[in-house]
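What follows is one structure encoded as C-alpha cells, with my remarks underneath.
The values are calculated or read from the model by the stated rules, or taken from the named source; none is laboratory data. Here the structure is a predicted model, which means the values were calculated and not measured. As a convention, Cβ positions derive from the backbone with ideal geometry for all residues, glycine included, and neighbour counts pool all protein chains shown. Protein only, heavy atoms only, side chains kept; ligands, DNA and RNA dropped before computing areas. Shrake-Rupley method; radii C 1.70, N 1.55, O 1.52, S 1.80 Å.
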Amino acid sequence: MIETLRKIVQAVSEADDLEQALSLIVHEVRQAMATDVCTVYLSDRATTRLVFRATEGLNRDKIGAFSLARTEGLVGWVATRGEMLNLEDASAHPSFQLVPGLGEERFNSFMGAPIIHQRDLLGVLIVQQADSRRFSDDEEAFLITISAQLAGIIAHAEVSGLAALPDTSSKTITRIVGVAGSPGIGIGEGVFVSPTADLAAVPSRKAVNRKAELRAFRAALARVRDDIEIVSDNLKHELSAEDHALFGVYLNILDDSTLGGEVASLIKSGEWAQGALSQVLLTHIKHFERMEHSYLRERAVDVRDLGTRVLTYLQDDSENRRDWPEKTVLIAEEITASALGEVPRDHLVGVVSLRGSANSHAAIIARGMGVPAVMGAADLPYSRLDARTLVIDGHNGRVYINPPQEVLRRFQQLVDDDLALSEELSVLRNEPSQTLDGHNVPLWVNTGLTADLPRALESGADGVGLYRTEVAFLLRDKFPSEEEQRQLYREQLEAFAPAPVTMRSLDIGGDKSLPYFPISEDNPFLGWRGVRVTLDHPEIFLAQIRAMLKANEGLGNLRILLPMISAIEEVEESLALIQRCHDEVVAEGYTQKFPPVGAMIEVPSAVWLTDALAHRLDFLSVGSNDLTQYLLAVDRTNARVADMYHGLHPAVLGALAKICRDAHQRSCPVSICGELAGDPRATPVLIAMGFDQLSMNAASLPRVKKVLSSVTLGEAKAVLEQLSGLHSVKEVKLLLDELMQRRGLERYVRPGQERTE
Ligand code: PEP
Ligand code: MG
C-alpha cells in the first residue's frame, strides 16, 4: 500500500495543474483499488457547492457542469459530517439520490472519504462498484490515507491552478493565507530564491539574453564534465571496469545529442538556463522513476545527481550577477538571515516564507528591519510567482497575487496610513518612557544586524535589551575571529553608550543553524541549543566573551546575557569562564570592571529556578518567545500550530508574574525581551507585573511608548488583577481590547488591520 500511495502522491504532485492532478488521482485510485468508479467532488469556494470535478467510470461530460448542494445525497452526507461512508447497497441509505445523466445506476456499493485540509473541507473522494459488497477495512484505510495525503496536494494545486489565471484586469483575487510574520504592507515584484541546487524548486522564467543563458549553460556543463573526469581518473584503480564504465554513461547523458541538446533547444526557445535544465531533467527523472526495471529506475538518481551539479554551477554564476528589482518581495521556502542580508535594504519591501511562523528567527529579523513578512505560506505556488506583482499583508498574514488596480490602490492607502502613523508617533521619540502618572519603565531595543543600528537609535530607545550576536555569525561562511567580533561589538556599544547594551552569548541551534557548523537533530528545539553548545565548545564562548570585554574598554556599558539556561550548573560554568576571560584581558592591560551578567528565563525549569538565578546573577531577562513555545508545547516555527501559540495565554502570564515576584524578592532586576514586549496590547500587563524594562524590535517601540504613556500604573494593576481570574486566551484578549478601546488606543495596537478583500 505504501508503495502505491507513494507512486500516486508523487505523480499527482508533479502534475502541471489541478485538472491534471485530479484526473491522475481518479485514474490511479481506481486502478489501485480495482473499483469500477473513482470520482472527486471539490467544494466551490464561492457557492460552497460540491462540484463534480473528475471521474473515471461515470459520465465525463458532466465534469465541471454538475454540482450538489453541501447537504445533498451521499456525497453531501460525507461532506457535512466530515466522515467516511462505506455502503454495500447505496440505494438503501436515507440520503441516497440518483442523479440522472451521471451513469450511477449500475453501481451498488459506495465508499466516500472527505478531503480535509487544515480543518477545511476541500471535497469528497468516492469509489463505487457494481457488485454489492462492503469495502474491506484495508480498503477503507487506503481511501482515508489517500484522501489525507491528497488534501495538501489539492490545496496547493488549487492555488497553483488559480495562480496561472489572474492578470491585472481580472476581478479574481488570488489570496494565500499564511501567518503574520512582521507587520506592514509591502507591494512589489516577487523574486523566488531557490534553495541551492534543488531542481524541483527552480521557477520558470523568460531568458533576458538567450545567448548569455546558453553560454552559461555550456560553461556549467563543461565544469561538471571536468569534475566527472577528475573523479573518474581518481577512481580508475579502485573500481571494476564495469563500474568505472558508469562515468562514461554520465558523460554521455550530458552530451549534446541527449539531454544537453534538449536543454539547449529549450533555452533557444526563450527559457532561462536554470528553468530549461530543471524542466528537461525532471521530465526524464519522472520517466526513469516510472520504469518497472529496477536498474533503469536507479538511473533516475544519476540524472538527478548530474542535473544538481550543473544547477549548482549555474546558481553560483547567477548569484554573482543578480539584479534585484527596485521593490523586491523576497520569497523562499525557508527565509534565512543571509538571504535577507543579500537584498539591498532599500530594494526589499516584503518577505514571504513558505515555512516558519511568527516567532521563527527570520520573522524576528524581518521585524527588526521593519520589513513586512508573511510566514508559513505553505500553499504558495512559489515557482510561478517570479516577476509578478505581489502584495504582502504582514498584519494579517496574507499574500495577494497580481491584484487588480483598485485593490492595489486600497493597499497603497494602507501603506500611506502606516507611514502617517509612524510620523505621528515620531514626536514621542524624545519623550520619557513613563505612564500617565509618571511611573518610569525604560523601553529598550533588540538588535542583531549592523544595518538595524540607525533604526534602533532613531527609535529613541533607552538601551539595548538584547543584542542577538548569532545574527552576525549566521551571515558569515566561517566563525568570525575574536578581533572581527571585537570590532562588531564595539560598534554596538559605542553607538548606544552610555546606555546599556545587553549582549547575548551565541544562541544557535533550534531554527538557527550556522552553515559552517551544521547541527542536525530530530528534535532541535529540545536539543543542542544556546549555552549548551557554547559550554561544550568553550573555545567559541571564550573568544566571544573576550571580544565583548575588549570592546567594552573605556565605555563600560556592556551587560552579558546567557541564553537557554535550564540548570544552575550552566550559570556557574559560564560565570567561571567569564571570570577567566576577564582575568586574561586585565592581564593583557585592559582596565575595566567585571560586567553585569544575566540569564534568560526561557525554559520552564528556569522559571522554577528564578530565585536561585536571581541570587547568583545581576539581572534576568525573560525570553517569552521560547518560554511560550516550551510552556504551551507549541513549536514556534510550525505554521500548522501557529494559532495555538499565544504569548497572552493565561499559563504564560502566570509564569511571567511569578518570575517578576521571585526576582524582585531577591532585588534582582528583570526585563522581558521576547516579542510579547513589543505587543502594545500587552504593555499594561507587563508594567503592572513589574518588569523593569521592556525590550523589543525598533519598529514596535513607538506604539508601545504611546500605550505606556496613555495609561496609569493603577489602571494597569487593576487590569492585571482582573486577568488573574481568566482562564482562556480569548477572555484575556477581550479584556485588553476593552482597555485599549476605553483609552482610544486600538489603532496603535494593530494598524492596517482592515481587510481589503
Ligand atoms: C526569546 O526566546 O524570547 C528570545 C528573546 O530569544 P530568541 O527569540 O532569539 O530565541
Ligand atoms: Mg530564545
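Odds and ends about this structure:
- Residue within the stretch 546-557 that is of a type in the set (Asp, Glu) and either closer than 30 Å to residue 374 by Cβ or within 16 Å of ligand 2 (Cβ to nearest atom) (or both) present: no
- Filtering the stretch 321-365 to residues that are open to solvent by less than 20 Å² (accessible area, probe 1.4 Å), closer than 19 Å to residue 471 by Cα and either among the hydroxyl-bearing types (Ser, Thr, Tyr) or within 16 Å of ligand 2 (Cβ to nearest atom) (or both) leaves 337, 353, 356, 357, 359, 360, 361, 362, 363, 364.
- Taken together, the residues in the stretch 661-678 that are touching a Phe, Trp or Tyr at 6+ places or on another chain (Cβ under 8 Å) and more than 16 Å from ligand 1 (Cβ to nearest atom) amount to 2.
- Counted residues, the stretch 423-450 - those being exposed (fewer than 15 other Cβ atoms within 10 Å of the Cβ) and either in a helix (DSSP H, G or I) or small (Gly, Ala, Ser) (or both): 7
- Number of positions in the stretch 510-550 that are among the polar types (S, T, N, Q) and assigned to a helix (DSSP H, G or I): 2
- Residue in the stretch 375-388 that is buried (at least 20 other Cβ atoms within 10 Å of the Cβ) and either under 11 Å from residue 186 (Cα atoms) or in the same structural domain as residue 713 (by TED's automatic domain parsing) (or both) present: no
- Qualifying residue in the stretch 200-209 (condition: open to solvent by 30 Å² or more (accessible area, probe 1.4 Å) and either of a type in the set (Phe, Trp, Tyr) or free of Cβ contacts under 8 Å to residues at least 60 places away in the same chain (or both)): yes
- Yes/no for residue 49 being open to solvent by 10 Å² or more (accessible area, probe 1.4 Å), of a type in the set (Lys, Arg) and free of Cβ contacts under 8 Å to residues at least 40 places away in the same chain: yes
- Pairs linking a residue in the stretch 562-575 that is open to solvent by 10 Å² or more (accessible area, probe 1.4 Å) to a residue that is within 16 Å of ligand 1 (Cβ to nearest atom) and assigned to a loop (DSSP other than H, G, I, E, B), with Cβ atoms under 7 Å and 6 or more positions apart or on different chains, are 566/603.
- Residue satisfying condition, being more than 16 Å from ligand 1 (Cβ to nearest atom), in the same structural domain as residue 539 (by TED's automatic domain parsing) and surrounded by 20 or more Cβ atoms within 10 Å (Cβ to Cβ), within set 468, 486: 486
- Total residues in the stretch 597-621 satisfying the condition of being away from ligand 1 (no atom under 14 Å from the Cβ) and either crowded, with 24+ Cβ neighbours inside 10 Å or in a loop (DSSP other than H, G, I, E, B) (or both): the figure is 6.
- Residue match in the stretch 504-516 (condition: within 16 Å of ligand 1 (Cβ to nearest atom), surrounded by fewer than 21 Cβ atoms within 10 Å (Cβ to Cβ) and free of Cβ contacts under 8 Å to residues at least 40 places away in the same chain): yes
- Residue tally, condition farther than 11 Å from residue 639 by Cβ, modelled with pLDDT under 80 and part of a loop (DSSP other than H, G, I, E, B), over the stretch 369-386: 4
- Scanning the stretch 622-642 for residues that are under 23 Å from residue 693 (Cβ atoms) and in a helix (DSSP H, G or I), we see that the one that is farthest from ligand 1 (Cβ to nearest atom) is 631.
- For residue 190, the stated conditions do not hold, so it cannot be described as touching a Pro at 6+ places or on another chain (Cβ under 7 Å), open to solvent by less than 10 Å² (accessible area, probe 1.4 Å) and not aromatic (Phe, Trp, Tyr).
- All of 95, 91 fail the test of being open to solvent by 10 Å² or more (accessible area, probe 1.4 Å), assigned to a loop (DSSP other than H, G, I, E, B) and not aromatic (Phe, Trp, Tyr), apart from 95.
- So residue 326, is it more than 11 Å from the chain's Cα centre (by Cα), in the same structural domain as residue 385 (by TED's automatic domain parsing) and on the phi < 0 side of the Ramachandran plot: no
- Selection of the stretch 656-677 for residues being within 16 Å of ligand 2 (Cβ to nearest atom) and open to solvent by 10 Å² or more (accessible area, probe 1.4 Å) yields 675, 676.
- Filtering the stretch 494-528 to residues that are more than 16 Å from ligand 2 (Cβ to nearest atom), in contact with a helix residue (DSSP H, G or I) (Cβ under 7 Å, 6 or more places away or on another chain) and closer than 22 Å to residue 622 by Cα leaves only 501.
- When the residues of the stretch 98-119 are filtered to those that are open to solvent by 30 Å² or more (accessible area, probe 1.4 Å) and closer than 16 Å to residue 149 by Cβ, the one that is nearest to the chain's Cα centre (by Cα) is 118.
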